[in-house]
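Visitor: Have a look at the structure that comes next, please.
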Amino acid sequence: MSLDYLNDRAVNVAARLIRQANDEKRPADALLRELFRSSGDEIRRDSAEITRIVYTFYRWSQLANRKDSLPGKIRSCLRNADRFTESVEYFSRKELQNVIPHWVKKHVDVNMDWLRALQAEPRLWLRAKRDAAADLKGKLEHDSSIEPKSMPEAIAFSGKEDLYRHPDFQAGRFEIQDISSQVVGLICDPKPGETWWDTCSGEGGKLLHLSDLMQNKGLIWASDRSKRRLDVLKKRAARAKAFNIRRRAWEGGEYLPMKTQFDGILVDAPCSGVGTWGRLPHARWSTNLNDVRELAEVQKRLLRNVARSVKRGGKLVYAVCTLTREETSQVVEDFDDRFPEFELETPTVAGVESSVEDRITTIWPHALRGNGMFVAVWRRQAQE
């Protein structure tokens, strides 16, 4: 975003929004959605620019002069973003370590590639339905240079059209889904005719991928504590023509919503979201170590509660879009100690770069130009 063409009105609107933002009660992304829903055409025309200005501020604010006015800090952040775009080596490791909270350095394996990935403009990824990828790539602007050849359904969208109004989106031929989330579905590798449970399905991004991989055959149970999210999932499933999904509210407690034994269970658990900080930079400053520790206990409890519902010989997949040791390797260690009848497998997808250590996988944001993701897979022994 060159300062030569900077829209002063967009800067002023962004500054007002940043002043209103409260990271816990009124986060920046929620305020942006509210702003564009309630504003006139003039503001909506600048929506992409305003959004980029706000997120650029949160990416670079720690390197701005604290004595500057807010509009001055915004311009400083935009200048730094331009410098970084011109050369990712412009900023030293010491400088870039300031773009994350200090507590992170003791709880994440911080490396220079990750710090740079946090400061880069995020990629928008689409997932085409089976057999639709080639046709969609002929219609949509995309960057084929970063699309893994082993993931033909992943599309790195580079256009500016409104995807939600695109006829192929309305027809359910593609979803907007980060590439690391797509990898989770491929690691699950559900087969047509199997029975799966997505325990924390949310609005159904990964669930719809599982359904597509199963060719709409078999059954997938979706559960979430939020009825609103399950209602959104119902609408998304109808648009995607995914008819093998059943929904059930569940708070995550010991009392399970069904008595089924599953071929596979996906625990896409609530987490601190550290892996999404490149896409949602304001979240860096609202997450603290207490959040991490509390969520780690939730994650351990979820795995403990669902483990006995995995069939013998079945698969249990744990996925979180975070990178803290408390929510990743330490959760795996806790589960291994409690459930010796489950054996870790190495979760990988051919052609996808990931860091595998002790049979658990970390997908760093710089590897795929997407979110950071951690995945562990266990197989319940056929005989105990």
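Visitor: Considering each of 81, 15, 48 in turn, give the residue that is loosely packed, with under 13 Cβ neighbours inside 10 Å and among the aliphatic types (A, V, I, L, M).
Guide: 48
Visitor: In the stretch 269-295, which residue that is assigned to a helix (DSSP H, G or I) and hydrophobic (A, V, I, L, M, F, W, C) is surrounded by the most Cβ atoms within 10 Å (Cβ to Cβ)?
Guide: Across the stretch 269-295, the extreme among qualifying residues is 274.
Visitor: Sticking with this one: Give, as residue ranges, the helices (runs of 4 or more DSSP H) completely inside the stretch 1-84 that count at least 2 residues that are at pLDDT 95 or above and either touching a Pro at 6+ places or on another chain (Cβ under 9 Å) or basic (Lys, Arg) (or both).
Guide: In the stretch 1-84, 47-60 are the helices (runs of 4 or more DSSP H) which contain 2 or more residues that are at pLDDT 95 or above and either touching a Pro at 6+ places or on another chain (Cβ under 9 Å) or basic (Lys, Arg) (or both).
Table: residues versus (1) of a type in the set (A, V, I, L, M); (2) in the same structural domain as residue 365 (by TED's automatic domain parsing); (3) under 19 Å from residue 237 (Cα atoms); (4) out of contact with any strand residue (DSSP E or B) (no Cβ under 8 Å at 6 or more places or on another chain).
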{"site": "139", "(1), (2), (3), (4)": "no, no, no, yes"}
{"site": "149", "(1), (2), (3), (4)": "no, no, no, yes"}
{"site": "153", "(1), (2), (3), (4)": "no, no, yes, no"}
{"site": "156", "(1), (2), (3), (4)": "yes, no, no, no"}
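Visitor: Determine if the stretch 98-105 includes at least one residue that is more than 30 Å from residue 330 (Cα to Cα), assigned to a helix (DSSP H, G or I) and more than 22 Å from the chain's Cα centre (by Cα).
Guide: no
Visitor: What are the residues in the stretch 242-292 that are hydroxyl-bearing (Ser, Thr, Tyr) and over 22 Å from the mean Cα position of the chain (by Cα), if any?
Guide: Passing the criteria: 255, 260.
For every residue, the table says whether it meets (1) modelled with pLDDT of 95 or more; (2) crowded, with 18+ Cβ neighbours inside 10 Å; (3) of a type in the set (S, T, N, Q); (4) over 29 Å from residue 359 (Cβ atoms).
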{"residue": "122", "(1), (2), (3), (4)": "no, yes, no, yes"}
{"residue": "135", "(1), (2), (3), (4)": "yes, no, no, yes"}
{"residue": "161", "(1), (2), (3), (4)": "no, no, no, yes"}
{"residue": "190", "(1), (2), (3), (4)": "yes, yes, no, no"}
{"residue": "195", "(1), (2), (3), (4)": "yes, yes, yes, no"}
{"residue": "221", "(1), (2), (3), (4)": "yes, yes, no, no"}
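Visitor: Pick from 121, 175, 161: which is in a loop (DSSP other than H, G, I, E, B), within 30 Å of residue 242 (Cα to Cα) and either of a type in the set (D, E, K, R) or free of Cβ contacts under 8 Å to residues at least 12 places away in the same chain (or both)?
Guide: 161
The values are calculated or read from the model by the stated rules, or taken from the named source; none is laboratory data. Bear in mind the structure is a predicted one, so any value in this text is a computation, not a measurement. All Cβ positions, even for glycine, are placed from backbone atoms using ideal geometry, and neighbour counts span all protein chains on display.
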